[in-house]
Amino acid sequence: MKKYFILLSLIIFLAGCGNKTLSPVKLVTKYYDAFNASDFTQLVPLLTDSITIVEGDYVMPFSHDSFHEHFKWDSIFQSTYKIVELQGQHNQIIATVTSSSKRYKFLKNDPLTCKFKVSFNSDKITKLETLECLDTDWNVWQKERDSLVKWIETNHPELDGFIHDLTMNGAKNYLKAIELYKNRKNAL
């Protein structure tokens with residue numbers, strides 16, 4: 001009987017160790033660590049079955065599969081993330097994050113520092129909402145983006161539409177467009 005009690009106690013103890021929930025701060029930290037490591041498998045356990053990204057008027061709901069496409073798109077730009085500050089607790093965290101990428105460099109807004117409201121449900125991340133991007137010059141961003149899109153439309157129509165293609169292939173085309181555009185400028 002004593003052996004069964006010890007065995008039962010050990011099983012309960014081990015089961016309890018496996019069910020530890022992460023604090024919201026730790027969840028957000030692990031979320032950005034997974035992006036920096038380019039490891040989607042680290043990300044999945046941190047998310048609810050679906051995740052919503054809100055950027056201004058754009059509300060983008062994702063399943064794990066569609067979020068994986070977003071993740072791959074982001075990784076092509078070799079994005080890096082650094083958490084500057086985390087505030088809040090329980091169901092919402094305000095995260096100030098600085099990110100850098102090849103895309104941001106081209107758009108002359110690198111690094112990009114933004115505040116996000118991160119929401120949780122059942123101890124997992126369910127929503128990220130961009131609140132504001134500090135020190136971002138959206139006029140320069142738009143000018144650089146529009147110049148690139150217009151030049152690609154005229155000179156490389158096979159890449160036209162890259163700006164709206166949020167797949168890994170779309171990101172590759174975006175980088176290819178940037179390279180062609182820069183080479184054009186360097187040839188002048």
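Against the main long axis of the alpha-carbon atoms of the chain, helix 138-155 sits at an angle near 60°.
The stretch between Thr113 and Glu55 holds 19.5 nm of extra length on full extension. This uses 0.36 nm per residue minus the Cα-Cα distance. The largest-to-smallest principal axis extents of the Cα set in the stretch 26-81 are 28, 24, 20 Å. Modelled spin-label separation between Asn139 and Gln92, with each label point placed 7 Å from Cα along the Cα-to-Cβ direction: 3.2 nm.
Taken over the alpha carbons of the stretch 20-135 as equal point scatterers, the Debye sum produces base-10 log I(q)/I(0) values at 0.13, 0.16, 0.21 Å⁻¹ of -0.46, -0.73, -1.34.
Using only DSSP helix segments of four residues or longer, with each worth -39500 (n - 2.57), what per-residue ellipticity at 222 nm results for the chain after dividing by its residue count and rounding to 500? It would help to have the intermediate numbers written out before the result.
On the way: 7 runs with 91 residues, N = 188.
Computed ellipticity for the chain at 222 nm equals -15500 deg cm²/dmol.
Every Cα-Cα pair of the stretch 137-188 was included, and the share exceeding 19 Å stands at 23 percent.
Give me the extension gain from Thr130 to Phe40: residue separation times 0.36 nm, minus the current Cα-Cα distance, reported in nm with one decimal. Let's see the in-between values first.
Details: separation 90, 0.36 × 90 = 32.40 nm, distance 2.13 nm.
Length gained between Thr130 and Phe40: 30.3 nm.
Over all projection directions, the Cα-based convex hull of the stretch 71-149 averages an area of 5.8 nm².
For Cα pairs less than 8 Å apart in space and 6+ apart in sequence, what is the mean separation divided by the residue count of the chain, i.e. the relative contact order in percent?
Values: 279 pairs, mean separation 35.6, N = 188.
Relative contact order comes out at 19 percent.
Partners of Lys26 within straight-line reach, counting lysines whose Cα lies under 22 Å from its Cα and excluding those fewer than 8 residues away in the same chain: Lys82, Lys115, Lys117, Lys124, Lys127. Please determine, in degrees from 0 to 90 and to the nearest 10, the orientation of helix 2-18 with respect to the longest principal axis defined by the Cα atoms of the chain, where the helix direction is its Cα long axis. Tilt relative to the chain: about 20 degrees.
On C-alpha positions alone, give me the angle between the axis of helix 64-76 and the longest principal axis of the chain, in degrees, nearest 10. Roughly 50 degrees, rounded to the nearest 10.
Read-outs throughout are calculated quantities, based only on the coordinates presented, and are distinct from any laboratory measurement. Computed from a prediction, not measured in an experiment: that's the story for all the values here. Cβ sites come from the backbone with ideal geometry, for glycine too, and all protein chains shown count toward neighbours.
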